[in-house]
Structures are given as C-alpha cells and as structure tokens.
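Below: the structure, in structure tokens.
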Amino acid sequence: MAENLKVLHQQLLYEAQKQILSSGKNTDLILQILSRTSSQLFGRQGFGVIFYDPSAQASRIRFNEGFNEKSLTFHCEEFTRIKQEKRGFSASSVADENGETHVLIPLGAEEDPFGVLLLHEHDDEIVALEAFRELATNAIGTFLEVELVRLRMEELGALLEVGRVVSSTLDLRELLTKIMSTATKVMRCETSTVYLVDERTNELYFHIVSGDPNVGAKLQEIRLPMGTGLAGWCAQNSKPVIVPDTDKDPRFFKGADKKSGFVTRSMICVPMKLKDVVVGVLQVLNRTGEIPFNEHDLETLENVANQAVSAIENARLYENIQKVYISTIEVLATAIDAKDPYTQGHSRRVTCYSVAIAEELNLAPKEIENIRYAGLLHDVGKIGIKDSIIRKPGRLTDEEYAIIKKHPTIGAKILRPVDFLADKIPGVLHHHEYYDGRGYPEHLTGETIPLAGRIICVADAFDAMTTNRPYRKGLSVKTAVGELEKFSGKQFDPVCVEAFLKAFDRKLFQYFEKVPDSDDMVLIDDGTEIKDPADEVAAELDTQPYPPMAAKEHKDEQKDAHKIDQKPETDASKKSGLESQPYPPVIPVHAEPEKPSTQPYPPISDDSGKKNS
C-alpha cells in the first residue's frame with residue numbers, strides 16, 4: 001500500500017512538473033497548479049504562499065486558497081519577525097492566534113528562506129512533503145526571479161519614459177502632468193502631486209495634481225508655509241520621507257484633505273533640488289496593493305525627481321521668456337491701439353475673445369498660444385499706415401482706403417523675419433477674409449481661410465461693434481450678436497460664431513454690464529469720450545469708423561439707393577438710409593440709429609467686389 005502511495009505521489013509530482021514547464025512562466029497559473037497538486041497529494045484543499053519583501057522589510061500574501069485571511073496575516077507577521085531576526089526554520093506545525101494549526105514549509109534554504117508554503121495539517125509521510133517543497137521551491141523561485149526582473153524592467157522603463165518626457169516639451173504644465181502620470185504608474189499609487197516653492201513668500205503651492213480636476217482646483221488654493229505638513233517638512237529639511245500611515249504622523253497636514261475631500265492614507269515625499277536648493281516637492285499618495293511604500297520605492301521616486309528637476313527649471317525659464325515676449329508684444333499692441341484714441345484696448349479685447357473661441361473649439365494648447373499672439377498683433381500692420389490716414393476725421397478717398405486695406409499684408413511682412421512669430425502670421429494676414437470670399441487681401445473662402453483668421457475675424461468685428469466710436473456709443477450685446485448671426489456664413493465662419501456665443505455665455509459676459517431696466521448688456525465703460533454729432537462743424541459728420549468706407553464706394557451706394565427708390569424723403573426713409581452703410585454705420589447729423597446696418601463689417605470696396613464676381 002505504501003509502495004503504491006509513493007508511485008502515486010511520483011506520478012502527481014511528475015504531472016505537476018510538466019504543467020509548470022508548459023505554463024509559459026505564468027505566475028498565477030503556476031500557483032494554481034501547485035495548489036491543485038497539494039490537494040491531490042495530501043487529500044485536503046488548502047494552499048497559501050507568503051513572500052518576504054526585503055525592500056519593504058515586510059511579508060505579503062501572494063496566493064491563498066482555502067485559508068482564513070486573518071490566519072494568513074498572523075503567519076505573515078510571524079515570518080517577518082523570523083526574517084528580521086535572521087532566524088531559519090524547518091517544516092513544522094504552527095498554531096495561529098485562534099488555535100488553528102497549519103503546516104509551514106520554508107521556501108528556499110531553511111537557514112534563509114525567501115517565503116513560506118502553508119498547508120492544512122495531514123498525516124502523509126515527510127518524504128512526500130519534502131518532494132513537494134522541492135518542486136514548489138524550484139517553481140516559485142524561478143517565477144520570483146522573473147517577477148523581480150519584470151518589476152525592475154517596469155521601473156527602468158518608467159525612468160526612461162521620464163527621460164523622454166522631460167526632453168519632449170518646454171510647457172511646464174504638460175511636463176509636470178506627464179511626470180506625475182509616470183510616477184503614479186511606477187509607484188503603484190492612487191495619485192501624485194507636485195509642489196513648487198514660491199521664493200517670494202517662502203511657501204509651497206500646489207502647482208498640479210493628477211487625477212480628479214475638481215480636487216486639483218481646490219488644492220491649488222492652498223499654500224503651505226515652509227515646514228508645514230509633510231511636504232513642507234521635506235522641503236525645509238531637504239530630506240525625503242516615507243509615511244506608511246498618515247494618521248500616526250503628527251507632521252501630516254489634514255487641511256488639504258478637508259479642502260479637497262480626498263483621503264490620504266500613506267505617502268512618500270521627495271525634495272526636488274537644483275544645485276542643492278529645493279525648488280519643489282514630488283509626492284505620491286496611497287499605495288495600492290498589499291505592499292506598503294518602502295525604501296526601494298523611495299529610491300525610485302528620487303530618481304524620477306532628479307530627472308524631472310532640471311527639465312522643470314528649463315520649463316520655468318522658458319515660461320519666463322514667454323512672459324517677457326507677451327509683455328513686449330502687449331506694449332507694442334497698446335502702442336498700435338494708441339494711434340487711434342477710439343481703439344484703446346482693442347487688441348487686448350480681441351485677444352481675449354479669440355482665445356475664448358479657441359478654447360471653446362478645444363484647440364491644442366500650441367494653437368491657442370498662436371492665436372493669443374496673433375490676436376495681440378493682428379493690427380501690427382497699422383504701423384506702416386500714415387497717422388494722417390488712420391486719424392483722418394473725414395471720409396477716406398479710394399486711394400486712402402486701398403492703403404488701409406494693406407495693413408494685414410504689412411503686418412505679415414513685419415512678422416515674417418521673426419522665427420518665433422512665423423506661425424502666428426496666418427491670423428494676422430487673414431483676419432479680414434470673409435467666409436464667402438469677399439474679404440481681403442487674398443479673397444479666400446470658407447475653410448481655405450486659416451482657422452486663426454476666421455476666429456479673429458469674429459472677435460475683431462464684435463469688439464468694433466460693442467466699443468465706443470466718436471459718433472456713437474458702443475452697441476449692446478444683443479444688437480452685436482444679432483449682426484454676427486445675420487452674417488454667419490457670409491462674413492463669418494458659422495462654427496466660430498457659435499463658439500463665440502457659447503464662450504460669451506460661459507465667461508466673456510463678465511466684461512459687460514447690464515443696461516438699466518433691460519435684459520441687455522453693454523461693454524463696461526472704458527472712459528472713451530463720445531462727441532455729440534450736433535457739435536460737429538462738417539455737415540456730413542466726417543468721423544469714420546474703422547475700417548473706413550471709401551469715398552467712391554459711398555457715392556456709388558447713394559446713387560444705387562436713389563435709383564431704386566425715387567419716393568419723397570420721409571423720416572422713415574432717413575432711417576432706412578442707414579442700412580446702406582458699412583458696419584458700424586456712419587450716422588449723418590440728426591439721424592437716429594435705431595436699427596443696425598444690413599451691411600457687413602468691414603466694408604468691401606467696388607474693386608474687391610469686381611475681383612470676386
């Protein structure tokens with residue numbers, strides 16, 4: 001009988017060996033094979049595997065089939081004590097805290113095992129037990145090495161990814177987002193945070209938080225004095241810190257969790273140092289899985305931080321350079337607007353509206369940045385136009401109007417030699433193109449007009465309508481929106497008009513104020529003086545809107561209107577005469593502009609019309 005049992009054991013172990021060899025190093029499959037074999041060998045189901053993690057200095061349950069979790073935890077803690085005290089042990093029966101007895105079998109050398117097998121008590125011979133231990137040690141030892149290599153390869157891959165990321169962009173937010181995504185993945189945690197040091201106030205502030213954007217928005221309102229909280233302690237002492245349980249660490253700042261609703265259980269903080277000066281703190285939160293944060297994780301996170309810090313500094317320098325560029329261009333735009341006292345702040349507002357449209361269209365950050373610059377510089381070509389034309393109080397001649405229409409081309413020519421501004425040129429060159437092809441300078445149509453040009457065209461017209469002119473107050477929002485909708489598909493790209501209207505409802509409305517006793521709005525008063533037309537000396541009110549109307553164009557329109565309608569002039573016909581004007585309309589003395597113009601803005605000269613016809 002005993003001989004038959006030995007043969008049966010040999011057959012079971014041989015079959016298990018074949019299955020393990022054909023498992024393709026699938027860890028979970030190997031453990032299931034061993035669990036099934038132990039049940040067949042010893043006649044009772046129950047198989048558990050505990051590993052010791054030297055880097056974490058703690059044991060963890062790797063596999064459990066048929067055991068109480070609490071009992072396994074007890075054996076985990078006992079095995080951890082054995083390893084820390086550097087004691088060996090041999091296969092033996094051990095009772096847990098509830099008095100339940102299990103067989104503990106060392107994996108590896110008895111004097112220095114790397115793990116423990118758990119079985120229920122049985123009466124089989126020690127020979128079978130030893131043979132199974134040898135099979136399990138060889139199989140598990142091999143896949144442990146594979147798992148360790150895989151883990152290290154993942155960490156190495158993550159570090160290489162950080163290296164690739166830090167060299168791929170100079171956008172600080174994009175850079176930090178990618179770094180944190182990589183850190184969260186390699187550290188196997190729920191989320192991560194980057195604090196930067198504000199040198200002026202000696203405080204830490206949340207620059208960016210991965211995960212829920214609502215949490216990030218709330219945390220960005222928090223600033224930590226140096227030394228406050230674990231991140232503040234890390235920055236002040238220039239030392240990393242591992243906290244397996246935040247509830248037990250008095251340094252933990254609970255205000256962030258209260259503010260965000262996030263629950264922090266564990267964390268690692270490492271300082272980001274540039275030339276021995278702490279410029280920020282990289283923090284990972286809430287380890288997932290059973291292995292707590294450990295020294296190996298700390299070393300890995302320090303490697304991530306060390307690679308990131310130089311790139312962060314370069315990105316901040318680049319960001320500062322960008323701010324200088326923007327400031328310089330804003331000064332230039334202000335100087336351009338100052339050429340005409342009635343366009344002060346025009347470029348800034350057009351930029352604001354254009355960026356809002358671009359954001360509503362979900363354009364890429366780089367495209368939005370290009371539109372920001374193009375909005376500020378869209379009228380830079382006016383530098384090349386004589387002040388006597390820009391500020392002319394009377395109607396422009398056909399020759400003067402032709403010169404005015406050159407300002408987009410002049411602007412593009414000014415920007416072209418500047419490499420940094422080359423990709424902003426389309427918005428400057430084409431912001432007077434019309435969707436139906438009647439614009440200038442190239443009479444492009446539809447989507448052949450660069451998107452930046454179509455966006456700025458809408459923003460430029462809306463600002464021209466809603467700002468004060470020397471002969472009238474800025475029009476109300478409802479009136480201006482009505483004009484945008486009227487000429488959508490003609491002068492304006494319908495998609496851009498729709499995006500503008502959504503952006504206005506979402507945030508642009510804040511630049512306008514309600515009209516008393518009305519549901520309409522007007523632009524908040526910029527202090528521009530509005531002259532009374534009755535005080536003008538000239539009979540024709542020679543103050544022009546911009547873009548101006550050519551003299552010939554105006555005379556031709558008057559002739560055409562006269563041929564169409566030979567009826568005696570009445571008050572009503574005086575009002576309808578406004579509808580032959582460009583937008584914004586030129587209002588003759590004593591006229592009452594109750595209706596907006598039916599003409600597009602800006603006007604098209606006869607020459608342009610002939611080219612398109």
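The values are calculated or read from the model by the stated rules, or taken from the named source; none is laboratory data. Note that the structure is a prediction, hence the values are computed from the model and not measured. Methodologically, a virtual Cβ is constructed for each residue, glycine included, from the backbone with ideal geometry; neighbour enumeration extends over all protein chains shown. SASA here: full protein model, heavy atoms, side chains in, ligands and nucleic acids out. Shrake-Rupley method; radii C 1.70, N 1.55, O 1.52, S 1.80 Å.
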Rounded to the nearest 10 Å², the accessible area of residue 189 using a 1.4 Å probe with every protein chain kept is 10 Å²
By accessible area with a 1.4 Å probe, ligands and nucleic acids excluded, highest first: order of 266, 238: 238, 266
In nanometres, the difference between 0.36 nm per residue of separation and the alpha-carbon distance of residue 366 and residue 84 is 96.0 nm
Counting other Cβ atoms within 10 Å, keep those with at most 12, restrict to DSSP loop, and tell me which trypsin sites (Lys or Arg not before Pro) in segment 15-90 are left. 86, 87
Provide 438, 173 ordered by accessible surface of protein heavy atoms (probe 1.4 Å), highest first. 173, 438
For each pair in 405/502; 185/275; 366/424; 178/366; 178/254; 178/323, compute the distance between the two Cα atoms and list the pairs where it is over 20 Å. 405/502; 185/275; 178/254; 178/323
Heavy-atom accessible area of residue 444 with all protein chains present, probe 1.4 Å, nearest 10 Å²? 40 Å²
Once both labels are modelled 7 Å past Cα along the beta-carbon direction, what's the residue 383-residue 254 spacing in nm? 6.0 nm
Using label points projected 7 Å from each Cα along Cα→Cβ, tell me how many nm separate residue 519 and residue 413, to one decimal. 5.1 nm
Under the 7 Å Cα-to-Cβ spin-label approximation, residue 335 and residue 200 lie apart by a distance in nanometres of 2.6 nm
Using alpha carbons only, how many angstrom separate the centre of segment 38-68 from the centre of segment 80-114? 12 Å
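Any chance you could run the full-extension gain for residue 445 through residue 130? It's 0.36 nm times the residue separation minus the Cα-Cα distance, nm to one decimal.
Contour length minus Cα-Cα distance gives 104.9 nm.
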